[in-house]
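Take a look at the structure set out below.
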Amino acid sequence: MLNFQPLGFIQQALATELGVMAYYTPGGSPWTSAAETARPPLVFLHSLGGGSSAFEWSKVYAAFGATHRVIAPDLIGWGQSTHPARAYSVDDYFYLITHLLESLTQPPTLVVATSLTAGVVLRLAALRPELFKGLFLVSPSGNSDFGRDYKASLPALLASIPGVDRLLYQVGAANELAVRSFLSTFLFADPSRITPDTVQGYLACTQQPNAEYAALASLNGDISFDLARYIGQLQTPTTFVLGAGSRFSAPAMVKRLASLNPNAIHPVIEIPNSGVLPHVEHPAVVMGLLRRFLATA
């Protein structure tokens, strides 16, 4: 896989029960000096769509390496981490995120997350509030929010048919034309902002051996849930950020979710002219919002 790490960041490895998790952090070795240890940890978690990896946050997390112990993992099944051939579940991600926080940080920890991963983190924070100091969540979703049955949708049904699921992945994700089409049609509000390195970053991840297992578990609905059922239990101070032009995680849905728990979730910030991943499309804007969040957290 090509190297998409920002300057000054290196790849490290964390052993888990599901395999080896790659993660990116500043410097040449794990933190040992008193100054490095004193920096508050800041964890960036990518979304769970085809081609996702820590690359998604790389244009943002690089700006915080001097002030925080940045940890940006490729979750198991994604990026340069182990890709076990298995049926992935929400419980797998509960375990992976918990193991990451307990192994590499001293909770409670500041966590940044996206989309379906943000929904998983929100549920985990409701179950294990002691793990989290603050949440900065971009376009959070459970994919089946407010009673919507995502598993009944056409993409989920097709991705559940043996044989068809692998063909769907190869044709619809694991080639450059498919990646460009997916980015321009679904992820970006303005396709002119798609850069060659973004295409190559996503493409390299879709073509990893067994990459389809984690991606199809998201597409077929195995990791879908109604986030509205859990959001009222959240106690951790949380900021929601969303793209006004998102074709996933519709802005109205994200705002409706936030309204279920205004004591924990505020502010809710909408970025104009942005799709579901404003940190990829407008990294400088998201950097500024994250700095403001960290100043209060």
Worksheet item: Considering region 188-205 alone, what residues qualify as being assigned to a loop (DSSP other than H, G, I, E, B) and more than 16 Å from S47 (Cα to Cα)?
Response: A189, D190, I194, T195
Discussion item. Restricting to region 51-70, name every residue that is surrounded by fewer than 20 Cβ atoms within 10 Å (Cβ to Cβ), aliphatic (A, V, I, L, M) and in contact (Cβ under 8 Å) with a residue 60 or more places away in the chain.
Written reply: A63
Practice prompt. Within region 190-246, work out how many residues are surrounded by fewer than 22 Cβ atoms within 10 Å (Cβ to Cβ), of a type in the set (S, T, Y) and under 22 Å from R180 (Cβ atoms).
Written response: 2
Worksheet item: Taking into account only those residues within region 240-293 that are touching a Gly at 6+ places or on another chain (Cβ under 6 Å) and β-branched (V, I, T), which is farthest from T198 (Cα to Cα)?
Response: I271
Practice prompt. Check whether at least one residue in region 206-224 is under 29 Å from A87 (Cβ atoms), among the charged types (D, E, K, R), in a loop (DSSP other than H, G, I, E, B) and out of contact with any Pro (no Cβ under 9 Å at 6 or more places or on another chain), and report yes or no.
Written response: yes
Worksheet item: Looking at I97, is it assigned to a loop (DSSP other than H, G, I, E, B) and either touching a residue at least 24 places away in the same chain (Cβ under 8 Å) or buried (at least 18 other Cβ atoms within 10 Å of the Cβ) (or both)?
Response: no
Discussion item. Please count how many residues of region 68-94 are among the hydrophobic types (A, V, I, L, M, F, W, C) and assigned to a strand (DSSP E or B).
Written reply: 3
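Does T206 meet the test of being among the hydroxyl-bearing types (S, T, Y) and within 19 Å of the chain's Cα centre (by Cα)? Working first, answer last.
Numbers: among the hydroxyl-bearing types (S, T, Y): yes; within 19 Å of the chain's Cα centre (by Cα): yes.
It is true that T206 is among the hydroxyl-bearing types (S, T, Y) and within 19 Å of the chain's Cα centre (by Cα).
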Discussion item. Looking at P107 and the list (1) part of a helix (DSSP H, G or I); (2) free of Cβ contacts under 8 Å to residues at least 40 places away in the same chain, which single condition is not satisfied?
Written reply: (1)
Fill in: Residues (more than 16 Å from the chain's Cα centre (by Cα) and hydroxyl-bearing (S, T, Y)) located in region 171-203
S181, S184, T185, S192, T195
Discussion item. If I ask for residues that are farther than 21 Å from L260 by Cβ and touching a strand residue (DSSP E or B) at 6+ places or on another chain (Cβ under 8 Å), which ones from region 98-123 would you list?
Written reply: H99, L100, L101, S103, L104, T105, Q106, P107, P108, T109, L110, V112
Worksheet, complete the sentence: Inside region 254-288, the number of residues satisfying the requirement of being hydrophobic (A, V, I, L, M, F, W, C) and either in a loop (DSSP other than H, G, I, E, B) or surrounded by fewer than 20 Cβ atoms within 10 Å (Cβ to Cβ) (or both) is 9
Worksheet item: How many residues does region 83-94 hold that are of a type outside the set (D, E, K, R) and crowded, with 18+ Cβ neighbours inside 10 Å?
Response: 4
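Values in this text are rule-based calculations from the coordinates and carry no lab data. On a predicted model such as this, the values are computed, not experimentally measured, just so you know. All Cβ positions, even for glycine, are placed from backbone atoms using ideal geometry, and neighbour counts span all protein chains on display.
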